[in-house]
Amino acid sequence: MTAVDTALNDNALTRRIIPCLDVTAGRVVKGVNFVDLVDAGDPVEIAQRYNEQGADELTFLDITATSDERDVILPIIESVAKQVFIPLTVGGGVRQVGDIQRLLNAGADKVSINSAAVSNPSLVREAADYHGSQCIVVAMDARRVSAEGEAPKWEIFTHGGRKATGIDALEWARKMARYGAGELLLTSMDRDGTKAGFDLELTRAVADAVPIPVIASGGVGNLQHLADGVTLGRASAVLAASIFHYGEYTVQQAKEFMAAQGIKVRLTA
Amino acid sequence: MNTIAIVDYGMGNFHSVARALQAAAPNADIQICRKAQDIDRASRVVFPGQGAMRDCMRTLEVSGLREAVLRAARNKPLLGVCVGEQMLFTVSEEGDVPCLDIFPGVVKRFAGPQFASNDTPSQERELLKVPHMGWNQVEQQRPHPLWAGIPDKTHFYFVHSYYAAPADESLTVGVSHYGLRFTCAVAAANIFAVQFHPEKSASPGLRLYRNFVDWNP
């Protein structure tokens, strides 16, 4: 074994499982590609349930369409933060440093920035300088743009995957890491909502491109997909929504499944 | 009255520390303190911190709370959290910033081949990400009242790129492994300090806060 191999064996950091809650009008909802939203329940109750199941973190995505209603999420985050003591990430509609401050004050530990990072990359730098990298997550939505047989290439999309930016996903990931992002939340727009599993090639390419943790997202349909995101995609964490919301699997089952494949996870009694 | 002062010098995670203390010890009087006299009056003190070391030390100085923290460290139960732990040491490599020097030692960055930048990834090896972010096991090095009810090798939540390396190994009460073995909890007399975030570590974290509230060194 090389010194590096020895050092890596001497690494007890677990891979994280992060349930994602889409929130609008004070409720958790679930839909495919932002349409056909179905009510999935009360945010605080759901957060508590996932915490009891051993979720490592929770991500709240505010999918409210209008900016007028954005602040509806603040009391939700406050209520969750009073009762659930694991890291909370909030994203959706974050436009300026003031939005970040409000979410952190309400009890978010990390804030995820997506479209605003594309339109104004210096926001990420300012936010990381001011609040620290540990609370700045850059969410990147990527879509495969290479044809079959070509070298793989992915492009960054914004506005829920509708708007092309012309930005290469790997370059973008490196740039955001340089700008001070503490973590990247990587969603494959091709896979999101399909239950066909992560785009593992994309996940691996981004995870290998940056020195910061990458959370894989988009496409989880079963527990093997979660394990693959870590072992084949090399993600530090895996995020999923529907498989947990509808009670198909508990977080605990997901962890036991991953542990059985030799993945280090935090198992709670 | 058991009053607990959370030192608010303008940086960091004092709100989430306050929420966790409230949940862990509903009967305690928890105060977020911006004045030295409030810290002086409290029966115990929590010293959190988050963000860049230079900013933390500077704002601690500017807030006028530095001396109050040093006074508390002499005779009251004091709990340092994250950068609040690191600040207790002599100096930080993060910008070569002098710290409070209550404990001899240097705050170092995770570095070495296992942390090398992975622009040219090898197929065989996985390079370690910095920050060290997530849940890691804490190996208790010796019994301590703040470990009461918390099993050895319990997972706690970490997020940091630097760690304190005490010059005196006997200060270490907890270690973790991330590429290397590093100290993640220190204790001496009336001081206990942790690199991880008990306020984000679910029930074991709340237990640690509860233990701190009950601690009579």
Which Cα, out of A:28, A:235, A:53, lies furthest along the positive dipole direction of chain A (beta carbon charges, K/R +1, D/E -1)?
A:235
Cα gyration tensor, chain A - rounded (a/c under 1.5), prolate or oblate
rounded
Could you let me know the centre-to-centre spacing of segment B:161-212 and segment A:222-256, using Cα atoms, in angstrom?
30 Å
Taking N as the number of residues in the protein assembly as shown, what value does Rg over Cα atoms divided by 2.2 N^0.38 Å take?
0.94
For the charge dipole of chain B, defined by +1 on Lys and Arg C-beta atoms and -1 on Asp and Glu C-beta atoms about the Cα centroid, which residue among B:176, B:99, B:62 has the Cα displaced farthest towards the positive pole?
B:62
Determine the total buried accessible area between chain B and chain A, counting protein heavy atoms only with a 1.4 Å probe; round to the nearest 100 Å².
3400 Å²
Reach of residue B:200 by Cα under 18 Å, taken over lysines that are not fewer than 8 positions away in the same chain:
A:82, A:110, B:153
With +1 at each Lys and Arg Cβ and -1 at each Asp and Glu Cβ, the charge dipole magnitude of the protein assembly as shown around its Cα centre, to the nearest 20 debye, comes out at 700 debye
Under a GNM of chain A (C-alpha, springs under 10 Å), which listed residue has the highest mean-square fluctuation: A:258, A:140, A:176?
A:258
Along its principal axes, what span do the Cα atoms of segment A:132-209 show, with the longest given first and each in whole Å?
40, 25, 22
Leaving out ligands and nucleic acids, and using a 1.4 Å probe, what accessible area per residue does segment B:3-214 come to in Å²?
36 Å²
Sort segment B:3-84 into rounded, prolate or oblate with this rule: let a ≥ b ≥ c be the square roots of the eigenvalues of the Cα gyration tensor; rounded if a/c is under 1.5, and if a/c is not under 1.5, prolate when a/b is larger than b/c, oblate otherwise.
oblate
Points 7 angstrom from Cα along the Cβ direction at residue A:27 and residue A:147: gap in nanometres?
4.6 nm
Cα centroid separation, segment B:55-121 to segment A:177-221 (Å):
33 Å
Which of the GluC sites (Glu not before Pro) found in segment A:173-269 are in a DSSP loop and have at most 16 neighbouring Cβ atoms, other than their own, within 10 Å?
A:248
Dipole of segment A:87-204 [Lys/Arg +1, Asp/Glu -1 at C-beta], most positive-end residue of A:123, A:200, A:165
A:123
At 1.4 Å probe radius, can you tell me the per residue accessible area of segment A:79-158 in Å²?
38 Å²
State to the nearest 20 debye the size of the charge dipole of segment B:3-214 about its Cα centre, where the only charges are +1 on K and R beta carbons and -1 on D and E beta carbons.
440 debye
Run the dipole for segment B:102-217 about the Cα centre, Lys and Arg Cβ at +1, Asp and Glu Cβ at -1, nothing else charged, and hand back the magnitude in debye, nearest 20.
120 debye
Of the accessible area of chain A, with the probe set at 1.4 angstrom, what percent is carbon plus sulfur?
49 percent
Carbon plus sulfur, as percent of the 1.4 Å-probe accessible area of chain B, comes to 48 percent
Peptide B:134-142 - average C-beta neighbours from other chains (10 Å radius)
4
Starting from the Cα of residue A:42, move 7 Å in the Cα-to-Cβ direction to define the label point; list residues of segment A:61-80 whose amide nitrogen is under 18 Å from there.
A:73-80
Rounded if a/c under 1.5, otherwise prolate or oblate - segment B:3-214, Cα gyration tensor axes:
prolate
What's the tally of Lys pairs in segment A:138-269 whose alpha-carbon atoms lie under 27 angstrom apart, where the two lysines are 8 or more places apart or on different chains?
8
Can you list the aspartates and glutamates whose alpha carbon sits under 12 Å from that of residue B:108, skipping same-chain ones fewer than 8 residues off?
B:93, B:94, B:96
For the protein assembly as shown, what does -39500 (n - 2.57) per DSSP helix run (n ≥ 4), summed and divided by total residues, give at 222 nm, in deg cm²/dmol to the nearest 500?
-9000 deg cm²/dmol
For chain B, find the longest principal axis of its Cα atoms and tell me its angle to the long axis of helix B:53-63, 0 to 90°, nearest 10.
20 degrees
For the Cα atoms of chain B, what angle does the longest principal axis make with the long axis of helix B:66-75, in degrees from 0 to 90, nearest 10?
80 degrees
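The values are calculated or read from the model by the stated rules, or taken from the named source; none is laboratory data. These numbers were taken from a predicted model, which means no experiment stands behind them. Here Cβ is always computed from backbone atoms with ideal geometry, including for glycine, and neighbour counts include all displayed protein chains. These area figures cover heavy atoms from the full protein model, side chains too; ligands, DNA and RNA do not enter into them. Shrake-Rupley method; radii C 1.70, N 1.55, O 1.52, S 1.80 Å.
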